[in-house]
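The block underneath contains the structure these notes are about, expressed in structure tokens.
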Amino acid sequence: MLGLMQEKPLLISSLIDYAAKHHGDAEIVSNTVEGGTHRYTYRDADRRARRLGSALLRRGVKLGDRIGTLAWNGYRHLEIYYGVAGVGAIVHTINPRLFPEQIAYIVNHAEDSYLFVDLTFVPLIEGLGDHLAGVKGVVFMCDRAHMPAVTLPAGVELLCYEEFIADGDETYVWPEFDERTACGLCYTSGTTGNPKGALYAHRSTMLHAYAANLPDVFGLSSRDCVLPVVPMFHVNAWGTAYLAPMVGAKLVFPGPHLDGESLQRQMEEEGVTVSAGVPTVWLGLLNYLRSSGKRIDSVKRLVIGGSACPRAMTKAYGDEYGAHVQHAWGMTEMSPLGTYNTPKAGMASDLGEEYYDDQLKQGRLIFGLEMKIQDGDGNELPWDGKAFGDLMVSGHWVCSAYYKGEGADAHVDGWFRTGDVATIDSRGFMQITDRTKDVIKSGGEWISSIDLENIAVGHPGVAEAAVISCAHPKWDERPLLVVVRREGTDVSREELLAYFNGKVAKWWIPDDVQFVEDLPHTATGKILKTKLRERFSDHVLPTAGD
């Protein structure tokens, strides 16, 4: 017997429609590319998104067509999220930090029909030139007064955003269609081979938004003011572009201004309570706060993901600024959230040593997902906080395959192989110990490069650190510590190696230290260890003769 309940499809358009009707006066504030601050409301955003959607239909955009964006976090990008998905087309957010060749590849692989582009990326578009196969038009996200002089390939129309949406209808009624219809397309950063696409559905995105807004996760409310520093081209800004409208929270967009001074000013002026971003951004803000003496007193939580946050940074924000740093973990293939580090009943929730110890973990699973760890033979490992193995996930918002069927080896019997190596403790808290490709195997035993990096950056003379494997004639691989010194310090190799004493097993301590001016990063802000391994491929460890 089936239940007698109304059946309404879970559609993205319902979020902006709800926000406009029930939180219509809540603000959306943007630092713009053109300069200055733009302010309007959810009611305004809904009207303009409807204009955009109807304008796309008038230009022949159909259900399932891909619409690309090269844009920062701002109000026009938000309108694209809803205007495109609202009519059944697919928002393809493109990471502008990828190599131009990769961008050309994914534009063509996705078969984008239109590209919406912020002014920052005019040179990038011009450089792509004839590689824009199949693109009908490039819409620059500005008004006529700011339109750039751009030369595009023959057959590619040059369009102005404000004029484009002026052709639309703000009273356009959002259509209903199957909730399994695709709404978003996001490609991996392509550190190994070509980028691969994760194709999100309305249903999966809405379920992700519901789950991510639970009290033990982001837990937003209409009283919050949210600043997503994580880009909207990086897995939908971790879902915050959907979470805030769902509850009517004020949204603050930083645009291209991601330096510490700009973020602090915006946080203070707008009363930001929750913000989310990668550790490199929070390191820049922390350095600015310390050097300037400025504060971020309205901020209650900083959500950190993308890579592990060092204990020293977590403690600094808590002790010096009263902001709880909370780890989150996920992937492009997971829409992205998988775990979130909120203490359980009986665990330390106040800022203190026990709290900071717990916050080193990536957190516990969000409802709607499953996870397990397994060894190289596929045997499931215990949740004892000690055994570590390949992390596997499944759930309502985990991709079942990559776009156009690539990378099939990542999907096994209904599980997605994350490529992370992790432990899970008896309380269900997961901790990433490494990426499969980064783990160091010394004498048949694994060493976590992440644990060593977190210890290294706790030294006052270290600004940034990475640990990679180096070949060793006896042990196969041994850890090499690569360090960027903090400005004004002159920490030595011997001092750093001694710093590990008592913090890890003696055989985990790196065999050598190399100092560099800076570390290479991926398009999503993670340390690019492939480049470091290439750079130090011929490095001979001082212990090689032992």
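The values are calculated or read from the model by the stated rules, or taken from the named source; none is laboratory data. Keep in mind that what you see is a predicted model, and the values were worked out from it rather than measured. Please note: Cβ atoms are built from the backbone with ideal geometry, for glycine as well, and neighbour counts cover all protein chains shown. Quick note on the areas: whole protein, heavy atoms, side chains included, nothing else; ligands and nucleic acids left out. Shrake-Rupley method; radii C 1.70, N 1.55, O 1.52, S 1.80 Å.
Kindly indicate whether any position in region 141-155 is touching a Gly at 6+ places or on another chain (Cβ under 8 Å), part of a strand (DSSP E or B) and open to solvent by 20 Å² or more (accessible area, probe 1.4 Å). Scanning region 141-155 turns up no residue that is touching a Gly at 6+ places or on another chain (Cβ under 8 Å), part of a strand (DSSP E or B) and open to solvent by 20 Å² or more (accessible area, probe 1.4 Å). Do we have residue 474 as closer than 18 Å to residue 511 by Cβ, in contact (Cβ under 8 Å) with a residue 12 or more places away in the chain and either of a type in the set (Ser, Thr, Tyr) or in a loop (DSSP other than H, G, I, E, B) (or both) here? Yes, satisfied. The condition of being crowded, with 21+ Cβ neighbours inside 10 Å and on the phi < 0 side of the Ramachandran plot holds for only one of 348, 312, 316, 276, that being 276.
I'm checking my understanding of the structure. Among residues of region 51-63 that are farther than 30 Å from residue 123 by Cβ and in contact with a Gly (Cβ under 7 Å, 6 or more places away or on another chain), which one is most open to solvent (accessible area, probe 1.4 Å)? In this case the residue turns out to be 63.
Residues in region 491-508 include none that are under 18 Å from residue 438 (Cβ atoms), part of a loop (DSSP other than H, G, I, E, B) and of a type outside the set (A, V, I, L, M, F, W, C).
If I filter region 429-438 for residues that are among the hydrophobic types (A, V, I, L, M, F, W, C), out of contact with any Gly (no Cβ under 8 Å at 6 or more places or on another chain) and open to solvent by less than 10 Å² (accessible area, probe 1.4 Å), do I get at least one hit? Scanning region 429-438, I find no residue that is among the hydrophobic types (A, V, I, L, M, F, W, C), out of contact with any Gly (no Cβ under 8 Å at 6 or more places or on another chain) and open to solvent by less than 10 Å² (accessible area, probe 1.4 Å), so the answer is no.
Identify, please: which residue in region 88-101 is part of a loop (DSSP other than H, G, I, E, B) and open to solvent by less than 10 Å² (accessible area, probe 1.4 Å) and is, among those, farthest from residue 528 (Cα to Cα)? Please lay out each step first, then the result.
Taking region 88-101 as the starting set, the residues that turn out to be part of a loop (DSSP other than H, G, I, E, B) are 88-89, 94-99.
Still in the running and open to solvent by less than 10 Å² (accessible area, probe 1.4 Å): 88-89, 94.
Values: 88: 36, 89: 34, 94: 19 Å.
The selected residue is 88.
From 199, 227, 214, which residue is among the aliphatic types (A, V, I, L, M), in a strand (DSSP E or B) and open to solvent by 10 Å² or more (accessible area, probe 1.4 Å)?
Only one candidate qualifies: 199.
Tallying residues that are crowded, with 17+ Cβ neighbours inside 10 Å and either aliphatic (A, V, I, L, M) or more than 19 Å from residue 308 (Cβ to Cβ) (or both) within region 498-513 yields 4. Only one of the numbered conditions (1) farther than 25 Å from residue 237 by Cα; (2) modelled with pLDDT of 95 or more is violated by residue 150, and that is (2). Inside region 355-374, can you point out the residues that are over 27 Å from residue 209 (Cβ atoms) and under 22 Å from the mean Cα position of the chain (by Cα)? The one that is over 27 Å from residue 209 (Cβ atoms) and under 22 Å from the mean Cα position of the chain (by Cα): 360.
Screening residue 465 with (1) in a loop (DSSP other than H, G, I, E, B); (2) buried (at least 16 other Cβ atoms within 10 Å of the Cβ) gives one miss only, at (1).
Just one residue in the set 325, 299, 303 is assigned to a loop (DSSP other than H, G, I, E, B) and surrounded by 15 or more Cβ atoms within 10 Å (Cβ to Cβ); that residue is 299.
Restricting attention to region 1-47, which residues are part of a helix (DSSP H, G or I) and either open to solvent by 30 Å² or more (accessible area, probe 1.4 Å) or farther than 17 Å from residue 247 by Cα (or both)? 14, 17, 18, 21, 22, 43, 44, 47, listed by residue number.
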